Amino acid sequence: MAHADDFERALQVGRPPNITSLFPNSRALLVSGKAVDRAMRAKGGAIAMAANGRNSFVVRGALRAAQRANAALIIEIAKSEGGQKAYCAVNFWNMACIVDAMCNEMGITVPVAIHADHYGIKNDKDLAQAMGEVPTMFEAGITSIAIDASHLPDDQNLLASIAVNPCIPAWAGLETEVGEIKGKEGLSTVDEALFLVRGLNAHEILPDWIALNNGTTHGIEASDAGIQVELTAEIHSALSPYEVSGAQHGTSGNNSDRLREIAARTRTTKANVATALQMISWGLEVNDYGNAQLDADGRFIKRSNEGMTDELWAEVVAYADEKGWKKGDYKNLNLPFENKLLAQPAEIRARMSRAVEEFAYGMMTEVFNATDSAPLAVEAILAAGSHDLGPKARRIEDPADWTEAKILARAKTLNADKGAAGDFDD
């Protein structure tokens with residue numbers, strides 16, 4: 001843990017203004033995503049878990065794991081999970097309140113960022129909505145955001161990211177994305193990533209992370225396919241003058257050895273873990289890397305005496321069957337069943353969170369190399385003397401080379417295979 005005096009000082013100067021306004025008497029060290037990224041870079045070869053808080057048991061378990069590991073942590077929710085059309089009870093506007101309350105309840109002292117993941121912008125309507133919606137998310141305690149316009153052509157991705165940036169506080173963590181997450185199709189290229197990051201740099205937008213389509217997918221994976229380490233390392237190396245770290249999406253379907261390789265050989269400092277934590281909280285059987293296992297009939301295997309009660313699980317399955325939902329649709333059960341899960345006896349709720357804690361702790365300490373990264377985040381805050389750590393990079397591109405007209409012209413020179421068309425889920 002950070003030295004007690006350091007924690008007290010970080011508590012005074014390290015919490016962003018939206019957090020101090022919302023929680024003036026709190027002792028939870030909610031920080032910018034920048035602080036978490038800096039901690040992992042300072043340690044080297046380390047990745048922060050970005051736990052998708054699809055339910056309150058995941059949030060509680062991840063926080064307890066981070067405290068045990070003395071690791072800086074990100075709690076996040078994506079737009080599809082927690083936006084206006086959410087399928088989870090945890091959302092953009094209550095996530096900070098939930099995390100802050102749990103930190104105070106459990107005495108969590110490690111730094112925690114509150115991240116709005118995959119804030120998707122897929123068309124002009126989404127962009128217009130973002131201008132009004134993104135500020136409300138920061139008012140509600142978000143401290144970091146991923147602007148994901150990767151569904152758009154490269155020039156429109158860049159232009160949308162530039163347009164929405166004034167809505168994001170300068171102190172906040174910022175993630176950008178190139179290439180939709182669609183598995184082995186439409187893999188990101190060095191040229192695409194450079195186009196996006198260079199264009200942002202010219203407009204003095206200096207992201208902390210970039211997410212790629214590097215061969216992985218979201219959700220349930222049937223096999224260990226996934227992340228292309230060489231491609232990831234090549235792109236990160238090309239981006240090194242711009243000091244942007246990697247954000248790894250879709251860790252499901254990637255075994256521990258590959259994730260360790262990502263930590264050791266690339267510039268990744270953030271890894272999203274979503275489906276695995278959800279399934280573990282429910283009490284489903286999973287393998288080494290969090291993929292839910294299926295029985296001979298293709299159904300999830302519920303372990304007795306783990307997760308929710310067997311009776312509630314039977315109700316969950318019946319509900320899904322009635323809706324005609326397949327295994328990939330089970331994420332939609334989060335919202336209708338959150339209150340039923342919370343209404344279970346204390347010992348059941350405790351074992352749900354405890355299972356998440358054990359799995360998350362193992363990933364943090366044995367896979368992501370995040371142990372003892374919390375004091376490094378505190379050191380970064382104290383070195384800055386502020387909640388605002390400033391950018392890692394500086395502007396090195398000439399704005400005159402990145403006007404809208406020149407962005408449109410440059411994009412035509414890119415030769416990239418975007419893969420199959422479609423509305424890929426986030």
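From the list L187, L206, the one residue that fits, being in contact (Cβ under 8 Å) with a residue 40 or more places away in the chain and more than 20 Å from A271 (Cβ to Cβ), is L206. Selection of the range 291-304 for residues being touching a residue at least 40 places away in the same chain (Cβ under 8 Å) and either among the hydrophobic types (A, V, I, L, M, F, W, C) or over 17 Å from F359 (Cα atoms) (or both) yields only A292. Of all residues in the range 5-35, those being closer than 10 Å to I381 by Cβ and β-branched (V, I, T) number 2.
Among the criteria (1) touching a strand residue (DSSP E or B) at 6+ places or on another chain (Cβ under 9 Å); (2) over 21 Å from G173 (Cβ atoms); (3) in contact (Cβ under 8 Å) with a residue 60 or more places away in the chain, the one H387 does not fulfil is (2).
The rows are residues; the columns are (1) modelled with pLDDT of 95 or more; (2) part of a loop (DSSP other than H, G, I, E, B); (3) aliphatic (A, V, I, L, M).
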{"residue": "E221", "(1), (2), (3)": "no, yes, no"}
{"residue": "D224", "(1), (2), (3)": "no, yes, no"}
{"residue": "T232", "(1), (2), (3)": "no, no, no"}
{"residue": "N254", "(1), (2), (3)": "no, yes, no"}
{"residue": "L259", "(1), (2), (3)": "no, no, yes"}
{"residue": "S281", "(1), (2), (3)": "yes, no, no"}
{"residue": "S304", "(1), (2), (3)": "no, yes, no"}
{"residue": "M308", "(1), (2), (3)": "yes, yes, yes"}
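State whether one or more residues within the range 15-23 are of a type in the set (G, A, S) and in contact (Cβ under 8 Å) with a residue 12 or more places away in the chain. Within the range 15-23, none of the residues are of a type in the set (G, A, S) and in contact (Cβ under 8 Å) with a residue 12 or more places away in the chain. Answer yes if at least one residue in the range 341-351 is under 23 Å from N254 (Cβ atoms) and not hydrophobic (A, V, I, L, M, F, W, C), and no otherwise. Checked against the condition, which is being under 23 Å from N254 (Cβ atoms) and not hydrophobic (A, V, I, L, M, F, W, C), the range 341-351 yields no hits at all. A single member of V286, V273, V316 is under 19 Å from C88 (Cα atoms) and modelled with pLDDT under 95, and it is V273. When you check D288 against the structure, is it without any contact (Cβ under 8 Å) to a residue 40 or more places away in the chain, assigned to a loop (DSSP other than H, G, I, E, B), within 25 Å of A78 (Cβ to Cβ) and under 25 Å from the mean Cα position of the chain (by Cα), yes or no? Judged against the criteria, D288 is a match.
For the residues A296, A292, A271, the requirement of being at negative phi and either out of contact with any Leu (no Cβ under 8 Å at 6 or more places or on another chain) or surrounded by fewer than 18 Cβ atoms within 10 Å (Cβ to Cβ) (or both) singles out A296. Assess whether Y119 counts as being farther than 24 Å from E379 by Cβ, part of a loop (DSSP other than H, G, I, E, B) and at pLDDT 95 or above. Taking the combined requirement at face value, the residue does not satisfy it.
Residues in the range 91-110 that are assigned to a loop (DSSP other than H, G, I, E, B), touching a strand residue (DSSP E or B) at 6+ places or on another chain (Cβ under 7 Å) and in contact (Cβ under 8 Å) with a residue 40 or more places away in the chain: F92, V110.
The values are calculated or read from the model by the stated rules, or taken from the named source; none is laboratory data. This one's a predicted model, so the numbers in the text were calculated from it and none came from an experiment. Every residue, glycine among them, receives a Cβ derived from its backbone with ideal geometry; neighbour counts consider all protein chains shown.
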